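Working notes for the structure below.
The values are calculated or read from the model by the stated rules, or taken from the named source; none is laboratory data. If you're wondering where the values come from, they're calculated on a predicted model, not measured in any experiment. Neighbour counts run over all protein chains shown; Cβ positions are idealised from the backbone, glycine included. Each accessible area value is taken on the protein alone, full model and side chains, heavy atoms only, with ligands, DNA and RNA left out. Shrake-Rupley method; radii C 1.70, N 1.55, O 1.52, S 1.80 Å.
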Amino acid sequence: MVTGVVAAVALTAGTSATLQGSAAAQETQAVQYVALGDSVAAGIGAGSPTANSVDGCWADKAHTVRVTNSNLAYPKRVASALEAQLDFKAFCGANTRTTRTQQTQTLSRNTDLVTVQVGANDFGYADVLSFCYLWNPPRTGECNRRINQITSNFTSVLPGRLDSLYRTIKRKAPNAKIVVVGYPQIVKASSTLICGADGALPTSTHQALNRAGNALNSVLAARATAHGFKFVDPRASFKGHDEPPRVR
């Protein structure tokens, strides 16, 4: 999954604007807001309290303590802007299944707002990015092939998984405004050999990664619309903040 170095302020700007109507509707009590998702929603890598994990999504080598969600994560910003009561369920490493089975328990008829940002982890994206970062070049062809396979899975397999998750959210929180948050692009359009931030990956890999990101966002947007949810696209606001393809 892409790191939580996502521009939290940019995401918050788009999401907060979407959610203002819900805040206005709650004049006598705080908006009940539940944030679901993976490391991007959790803000992993953004710092505060910690910028990096010890071992992937874990704060310890034994994998017993998960990395703490960041105070800079956009759900924190949204909750502050709306003076909402936040139930921050997102965690590093989540996929559609763990989001559905482990993060939705507290949703109820009293939930006013739900944001959900998940899908990037469902097909081994983290492992593929790690391979590419370590072995590309020289193994550019294999790196790109693995990325393209994930792109195909985003298009063909992920929609059904999202449908299952979105139905669960709607069933458990029937009165909530539900917002699906997309993903930013994690690399620039072409390689910058003098910049270590993108790992000096070849341009063909940049293009493959961006095709995967665009496919993921297209599926998220389509399924969100099909379920009557709002989709927030962070790609435009994230331009200029592209980061290396490290994953959590």
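Find the residue count for segment 89-120, including only residues that are part of a helix (DSSP H, G or I) and open to solvent by less than 10 Å² (accessible area, probe 1.4 Å).
Residues that pass the stated criteria total 3.
If residue 79 satisfies every condition in (1) farther than 29 Å from residue 29 by Cα; (2) surrounded by 14 or more Cβ atoms within 10 Å (Cβ to Cβ); (3) more than 14 Å from the chain's Cα centre (by Cα); (4) small (Gly, Ala, Ser) but one, which is the exception?
For residue 79, the failing item is (1).
Six or more apart or on different chains, Cβ atoms under 9 Å: show the pairs whose first residue is in segment 167-188 and under 9 Å from residue 107 (Cβ atoms) and whose second is modelled with pLDDT under 95 and outside any loop (DSSP other than H, G, I, E, B).
The qualifying pairs are 176/22.
Answer yes or no as to whether residue 232 is among the β-branched types (Val, Ile, Thr) and free of Cβ contacts under 8 Å to residues at least 40 places away in the same chain.
no
For residue 223, work out the one condition from (1) in a loop (DSSP other than H, G, I, E, B); (2) surrounded by 14 or more Cβ atoms within 10 Å (Cβ to Cβ) it doesn't fulfil.
Here residue 223 meets the rest and fails (1).
Within segment 121-175, considering only helices (runs of 4 or more DSSP H) that don't extend past its boundaries, which have at least 2 residues that are within 18 Å of the chain's Cα centre (by Cα) and at pLDDT below 95?
Result: 125-135.
Any chance segment 91-101 includes a residue that's among the aliphatic types (A, V, I, L, M) and more than 14 Å from residue 181 (Cβ to Cβ)? Can you show your working first?
Restricting attention to segment 91-101, the residues satisfying the condition of being among the aliphatic types (A, V, I, L, M) are 94.
From what is left, the residues that are more than 14 Å from residue 181 (Cβ to Cβ) are none.
Looking for residues that are among the aliphatic types (A, V, I, L, M) and more than 14 Å from residue 181 (Cβ to Cβ), one finds none in segment 91-101, hence no.
Matching residues to (1) farther than 27 Å from residue 35 by Cβ; (2) open to solvent by 70 Å² or more (accessible area, probe 1.4 Å); (3) not small (Gly, Ala, Ser):
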position	(1), (2), (3)
138	yes, yes, yes
144	yes, no, yes
150	no, no, yes
156	yes, yes, no
165	no, no, yes
171	no, yes, yes
178	no, no, yes
181	no, no, yes
185	no, no, yes
